[in-house]
Amino acid sequence: MIAQTLSHPRLVFAPIGPELVLVSAGVIALLGGAVLRRIDHRALLSISLAGVVGAAIVAVALWNWGGASTVLGGMVAADRFAVVARLILLGVAAMGLVYGFHYFRRSGEERAELYPLLLFATAGMTLITAAADLIVVFLALEILSLSLYVLTGFSRRLASAEASMKYFLLGAFSSAFFLYGIAMVYGATGSTRLSSIAHALAGQTGSQGLALAAVALLAVGFGFKVAAVPFHMWTPDVYQGAPTAVTAFMSAGTKVAAFAAFVRVFAVAFQPLTWDWTPIVWTIAGVTVVVGSVLAIAQSDVKRMLAYSSIAHAGFVLVGLSAANQEGIGAALFYLLAYATMILGAFGVVMLVSIRGEHRTSLASYAGLYRRSPFLAGLMTLFLLSMAGIPPTAGFIAKVNVFRAAIDAGHWPVALVGVLASVAAAFFYIRVMVLMYMQEPPDELEPDRSLAMRLAIAVPALLTLVLGLFPGLVLGFLDKASVLRW
Amino acid sequence: MKWLTLTTFLPLVGVPVLLAWRGMRDDLARAFALLVSVITFIVSLGMLGRFDGALSGFQMIEQATWVRSLHLRYLVGVDGVSLFMVLLTTFLMPIAILASWKIEKNVRLYMAAFLFLETGMIGTFLALDLLLFFLFFEAILFPMYLIIGAWGGERRVYAAVKFFLFTMLGSAFLLVAILVLYSKSGTLPGGPTFDVRELAHLSLSTTAARWLFLAFFVAFAVKVPLFPLHTWLPDAHTEAPTAGSVILAAVLLKIGAYGLIRFNLTLFPEASRHFAGFVQVLAVIGIVYGAVVALIQTDVKRLVAYSSVSHLGFVVLGVFAFTQQGMTGGVLQMVNHGLSTGALFLLVGMVYERTHTRDLSEMGGLGRTMPWFSGIFLFVTLSSLGLPGLNNFVGEFLVILGTFARNRALGAIAASGVVLAAIYLLWAYQRMAHGPVREAHARHADLSVREFALITPVLAMILVIGLYPRLLLDRIDPSATRVARQVQAGQPPAGQAAVSSVPAPFGEGP
């Protein structure tokens, strides 16, 4: 007998530890829900939260990862960027779980699948932040998208099903673009691994038409996911139709995850083409902030308004990324953190004002909110001020950061456009404040008085203030995290 | 003792108490806010005591690193220009709160907004770090918006939104300009910074400096307000509650003028000289236009508001003369306008509480029914129109003197503003106090003890400054002279600037 040595890549699983924990928790929750039909949803919530916390612990442990920069055959990167992006996402997931638990209990649509679906979506989101190969990016994108399609249609309302359908169709469409982009990249460089793509592109001297087409297609794919103009059409409908708790989770989570992947793909794989893609990015950035802000003015439904505002925020992140350097990445990370905080908080308030389901999401139902609940009005004010970028909130520091990055890189016109758009945006944020403080409540309907939810929403509120007053607490970490390893 | 920090943040301490204490009775909330603002005033006197009038630079500087990676520092200091702005703020705040005693709706929120506003305003005057300044500058926006919009008159929402958007629009340009300056400051020996003192040494190309000047200018011109960016002011002043109008006129408008002195002149001296003619013409248009429009108002609050446009024109005119008298007079006039117009708004508010009208044609004969009120109103009116012996005379005289040295025609036209002021103010007094007593307003009580208590300190200050202006001038003058010299000398102290003829605004591209 001849001893055969089989060579295989050494398998190091630690860098995908957070995903393994999340998926395990998801499977346990899934089985728990299926086997024990009468299981208390509080138990499922606890299991899921435990999974999120466990994943966070594993992610933190990866901060000082000393091993190879990519593992599993170059598929997954182990760097601090992934750690920070994951932590933001896990925070979003924890809030999403609490929101979902509360929302569906109030609307009487409790189903055990909620928890595994949320956890799987989160696993997809966290995986994408560490993806070092376009195939893994696509895989993770599909994991998160499929879970979100289902979650969007989780309510029995017609609007929810319609939103789910729209999201699915347009999502599939964007996935096709993305996949075609990957194929083009492979054609141009002979690889789907980000580092190999970068090397191949750096070595090329001739025409790069194929690679540029790939850049464009991938940009379209990401543009859909982050809801950048002109690929934003699905956002208002889906955000409005989806159950508010799910909207909160996906508006924050998807954007963070897709931007993390965007950064990695464009700053690593297409780094040799930086001069070609920055004009695209800042053009999209400028158009997105303007269109998002202007269209938000015309909305009469608070969820739609927040949807357009989230489009505008995607534009601001792109303003930061247009700098195409470490400063820009750090600024974008901070912006994403601030954005996730304020959008989660704002949708949380929307949820409580609606009391049950989607009854009261029109802007008119915010009239006189200060009279009915000073606490909720105060929190909403804080989130809206943060979105408008007014100190001392996280949104202010975030905006300063991205504009600074863009101006340092010489893109002051796009910064100016961004700042002017934020003035237009301020108009609709203060319109909500006008309603809350300056008008009389139309009826005596009290908003949801759940104490647990109030405490839950107090967390992003506190974070919005802390990040606004002491951004130094996290900026140091974000700076360290803005170096991508490949 | 960290006087500046203490003065700045003391009012803020009251905010969480007011917001969180749900069961707080309205009376207690009022008294508490008053107490906090009085203590703040006393503490700010400590700052005055420590101030060395002989120094022309910044003093009592306090600093700490705030956000290292942003190069954002907590850096505050005071000089002769900002000293009296801060004191004006802390002096008027207890008066404004006392004037709000009749507010019944959401008292805790109202008082909290005022205290928050006070911290923002003081911080704006003391900040020496551009980004810190901007932070305070923006933080003022929301409480003021709330005060106008929630407790104002009939068209309050419109006025509040207009105020908010105008200011936001101005500050948008300001933010971009600040960040551009910052990104250019990497060449300084200390590395990139927002420190105003360091940035004054930055060598900018002429074109870049001029564009940046304009960006700063728009932000502050909206605040001042300079013609033609003044249109938010009459609405905001008219619709705001009395105390809101007082603070708006007395302090918020000064932030614009202060910003012009502190930032436009010191950071961009060449551009300041280049645009001086243009700015002065705008100022003179504002003086005459504000006065003429005030002349035809029948709403007394609107009349006072337009008089502000006119008076602030004097301030800017003096400041942009770049002469010692002009600059000192401008700064003094900022204080004077705060006192006189503040007092006018207080008095108008008192009348409105009784008559429930601001229409001059419906008043009349108040001199007979409310003799104390009418006497005091006349006194303030005379102060506002620049009667010698009262405060405005000194400031306006210095401004016109300083302008004359530079441009006789502008000085002469500006002087006509004083004449017009006499007409519209005395006419307003006449329509209000003289004539037959109206049936509807025949039985109004004269001023109450509270009203006396809040107006007397202002009257005293008007008289003191009028009779002994050196009290202020001695402290203002060194700093004002320094700024004027700096602009005249044409360049920041060291290393000046390549002249670039390229039209591209901000120099090097990506």
Does B:THR298 fit the bill of being touching a helix residue (DSSP H, G or I) at 6+ places or on another chain (Cβ under 8 Å) and farther than 23 Å from B:PHE393 by Cα? yes
Of B:TRP151, B:TRP66, the only residue that is modelled with pLDDT under 90 and farther than 30 Å from A:GLY476 by Cα is B:TRP151
Enumeration of residues in the range B:142-155 that are more than 7 Å from chain A (Cβ to nearest Cβ), touching a residue at least 40 places away in the same chain (Cβ under 8 Å) and of a type outside the set (Phe, Trp, Tyr): B:MET144, B:ILE147, B:ILE148, B:GLY152, B:GLY153, B:GLU154, B:ARG155
Any chance you could count how many residues in the range A:320-342 are in contact with a His (Cβ under 8 Å, 6 or more places away or on another chain) and assigned to a helix (DSSP H, G or I)? 2
Of (1) of a type outside the set (Val, Ile, Thr); (2) surrounded by fewer than 24 Cβ atoms within 10 Å (Cβ to Cβ); (3) more than 11 Å from every other protein chain (Cβ to nearest Cβ), A:PRO374 satisfies all except one. Which? (3)
Among (1) within 14 Å of another protein chain (Cβ to nearest Cβ); (2) touching a Lys or Arg at 6+ places or on another chain (Cβ under 9 Å); (3) within 24 Å of A:ALA93 (Cβ to Cβ), A:MET438 falls short only on (3)
Filter result for the condition that a residue is touching a residue at least 12 places away in the same chain (Cβ under 8 Å), in a helix (DSSP H, G or I) and touching a Pro at 6+ places or on another chain (Cβ under 9 Å), over B:PHE125, B:PHE84, B:PHE114: B:PHE114
Please count how many residues of the range A:402-412 are touching a residue at least 60 places away in the same chain (Cβ under 8 Å) and either surrounded by fewer than 24 Cβ atoms within 10 Å (Cβ to Cβ) or more than 7 Å from chain B (Cβ to nearest Cβ) (or both). 5
So which residues in the range A:383-401 are over 12 Å from A:GLY315 (Cβ atoms), buried (at least 24 other Cβ atoms within 10 Å of the Cβ) and facing another protein chain (nearest Cβ under 9 Å)? A:LEU385, A:ALA388, A:GLY389, A:ILE390, A:PRO391, A:PHE396, A:ILE397, A:VAL400, A:ASN401
Might you check whether a residue that is under 21 Å from B:LEU174 (Cα atoms) and in a loop (DSSP other than H, G, I, E, B) occurs anywhere in the range A:438-452? no
Criterion violated by A:SER482 - all others in (1) surrounded by 21 or more Cβ atoms within 10 Å (Cβ to Cβ); (2) more than 9 Å from every other protein chain (Cβ to nearest Cβ); (3) at pLDDT 85 or above satisfied: (3)
When you scan the range B:424-451, how many residues do you find that are within 29 Å of the chain's Cα centre (by Cα) and in a loop (DSSP other than H, G, I, E, B)? 2
Wholly inside the range B:192-247, helices (runs of 4 or more DSSP H) that include 1 or more residues that are over 22 Å from B:LEU70 (Cβ atoms), among the β-branched types (Val, Ile, Thr) and touching a residue at least 40 places away in the same chain (Cβ under 8 Å) are B:206-223, B:232-239, B:242-247
Of B:ARG406, B:ARG358, B:ARG431, the only residue that is on the phi < 0 side of the Ramachandran plot and touching a strand residue (DSSP E or B) at 6+ places or on another chain (Cβ under 8 Å) is B:ARG358
For the range A:297-309, indicate whether the set of residues that are buried (at least 20 other Cβ atoms within 10 Å of the Cβ), in a helix (DSSP H, G or I) and modelled with pLDDT under 90 is non-empty. no
Residue within the range B:14-25 that is within 21 Å of B:LEU131 (Cα to Cα) and either in contact (Cβ under 8 Å) with a residue 60 or more places away in the chain or β-branched (Val, Ile, Thr) (or both) present: no
Need a quick list: helices (runs of 4 or more DSSP H) entirely within the range A:109-227 having at least 1 residues that are surrounded by 16 or more Cβ atoms within 10 Å (Cβ to Cβ) and of a type in the set (Lys, Arg). A:158-189, A:209-226
Tell me which of these B:PHE345 doesn't satisfy, since it passes every other one: (1) aromatic (Phe, Trp, Tyr); (2) closer than 18 Å to B:MET432 by Cα; (3) surrounded by fewer than 24 Cβ atoms within 10 Å (Cβ to Cβ). (3)
Taking the stated definitions as given, is B:GLY191 more than 8 Å from chain A (Cβ to nearest Cβ), farther than 27 Å from B:ALA112 by Cα and not hydroxyl-bearing (Ser, Thr, Tyr)? yes
When every residue in the range B:43-79 that is within 14 Å of another protein chain (Cβ to nearest Cβ) and of a type in the set (A, V, I, L, M) is compared, the one farthest from B:PRO11 (Cα to Cα) is B:LEU70
When the residues of the range B:162-187 are filtered to those that are under 30 Å from B:ASP359 (Cβ atoms) and surrounded by 23 or more Cβ atoms within 10 Å (Cβ to Cβ), which remaining residue is nearest to the other protein chains (Cβ to nearest Cβ)? B:PHE164
Whichever residue in the range A:402-418 is of a type in the set (Val, Ile, Thr) and over 22 Å from the mean Cα position of the chain (by Cα) and, among such residues, is nearest to B:SER69 (Cα to Cα): A:ILE407
Working carefully through the options B:VAL293, B:VAL284, find the one that is at pLDDT 90 or above and over 18 Å from B:LYS223 (Cα atoms). B:VAL293
For a quick check of your reading: which helices (runs of 4 or more DSSP H) sit entirely within the range B:352-423 and have at least 3 residues that are small (Gly, Ala, Ser)? B:371-384
Just a yes or no: is a residue in the range B:57-74 among the aromatic types (Phe, Trp, Tyr), touching a Gly at 6+ places or on another chain (Cβ under 9 Å) and not in a helix (DSSP H, G or I)? yes
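The values are calculated or read from the model by the stated rules, or taken from the named source; none is laboratory data. None of these values were measured; they are calculated from a predicted model. Positions of Cβ are backbone-derived with ideal geometry, glycine not excepted, and every protein chain shown enters the neighbour counts.
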